[in-house]
Amino acid sequence: MAAAVLTSRAPQQLSLMSLKKVPLPAGRPRVWYETHNRRLKAMRLAIALLDTGVYQPEHAPDRKIRSTAELIGVHPPSDTTCRMVRALIRSGR
């Protein structure tokens, strides 16, 4: 009960404040940024697939991953990103 009294902000405001974007560090090689962005995209796709009920990597073929990408509004992933998505789903088991 006391925890509810500690904050006077609405839950929506708290979640938006915690998602504040921070710029990526400068001076890294281009490959680092590409890998970083690929991992973020793979995480978004894995979360979207888990939300739709795909809990096993063998139920996530490239076609399913690409259609999910279209649904959530990201560019179609490469074969490498699709493999990363399946690896993320596998590691969560």
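Each value in this text was obtained by applying a stated rule to the coordinates, not by laboratory testing. Bear in mind that the values here come from a model prediction, so they are computed numbers and not experimental data. A quick note on method: Cβ atoms are made from the backbone with ideal geometry, for glycine too, and the neighbour counts reach across all protein chains shown.
Per-structure values
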{"read-out": "Amide N proximity, the stretch 71-88 versus Tyr55 label position 7 Å along Cα-to-Cβ, cut-off under 18 Å", "value": "86-88"}
{"read-out": "Rounded if a/c under 1.5, otherwise prolate or oblate - the stretch 18-93, Cα gyration tensor axes", "value": "prolate"}
{"read-out": "Under the Karplus curve 6.51 cos²θ - 1.76 cosθ + 1.60, θ = phi - 60°, whole-Hz ³J(HN,Hα) for the stretch 34-45, x wherever Gly or Pro sits", "value": "4, 5, 4, 5, 5, 5, 4, 5, 4, 5, 4, 5"}
